[in-house]
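Since the structure comes first, as structure tokens, the remarks are kept for the end.
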Amino acid sequence: MPSVLAHRFVIACVLRLLSVVVFWIPMVGPLLLVVITTVSVLAAFIFWIVLIVKAAQGEMFKLPWIGDYADYYAQPNSGR
């Protein structure tokens with residue numbers, strides 16, 4: 001099974017390639033890149049704050065896409 005580091009590297013390369021392609025669109029490309037980056041960073045920050053508040057309240061919160069994956073690998077005998 002590929003490691004998380006390998007997946008992160010592939011995703012980073014794909015996102016970098018997409019950003020270079022979008023940047024080359026005249027006039028709209030750089031603006032679109034700034035808007036997408038700003039929205040992504042703000043969404044990640046808000047999501048992070050929500051998770052911190054839930055953790056401070058002692059509430060268990062399962063993330064929609066990676067919750068099952070994290071549960072599987074948090075088990076003592078997960079077959080790693």
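Of everything in segment 54-66, what is in a helix (DSSP H, G or I) and either exposed (fewer than 11 other Cβ atoms within 10 Å of the Cβ) or at pLDDT below 80 (or both)? Give them in sequence order. Answer for segment 54-66, where residues must be in a helix (DSSP H, G or I) and either exposed (fewer than 11 other Cβ atoms within 10 Å of the Cβ) or at pLDDT below 80 (or both): just Ala56. Residue count for segment 1-43, restricted to those that are under 24 Å from Tyr72 (Cα atoms) and surrounded by 10 or more Cβ atoms within 10 Å (Cβ to Cβ): 7.
Got a number for residues in segment 11-52 being among the aromatic types (Phe, Trp, Tyr) and touching a helix residue (DSSP H, G or I) at 6+ places or on another chain (Cβ under 8 Å)? So that I can check it myself, show each step before the final result.
Filtering segment 11-52 down to residues among the aromatic types (Phe, Trp, Tyr) leaves 23-24, 45, 47-48.
Narrowing the set further to residues that are touching a helix residue (DSSP H, G or I) at 6+ places or on another chain (Cβ under 8 Å) leaves 23.
Summing the residues that are among the aromatic types (Phe, Trp, Tyr) and touching a helix residue (DSSP H, G or I) at 6+ places or on another chain (Cβ under 8 Å) in segment 11-52 gives 1.
Taking Val20 as the residue in question, decide whether it is assigned to a helix (DSSP H, G or I), among the hydrophobic types (A, V, I, L, M, F, W, C) and over 13 Å from the mean Cα position of the chain (by Cα). Against the criterion (assigned to a helix (DSSP H, G or I), among the hydrophobic types (A, V, I, L, M, F, W, C) and over 13 Å from the mean Cα position of the chain (by Cα)), Val20 qualifies.
The values are calculated or read from the model by the stated rules, or taken from the named source; none is laboratory data. Since the structure is predicted, the reported quantities are computational estimates derived from the model, not experimental observations. A quick note on method: Cβ atoms are made from the backbone with ideal geometry, for glycine too, and the neighbour counts reach across all protein chains shown.
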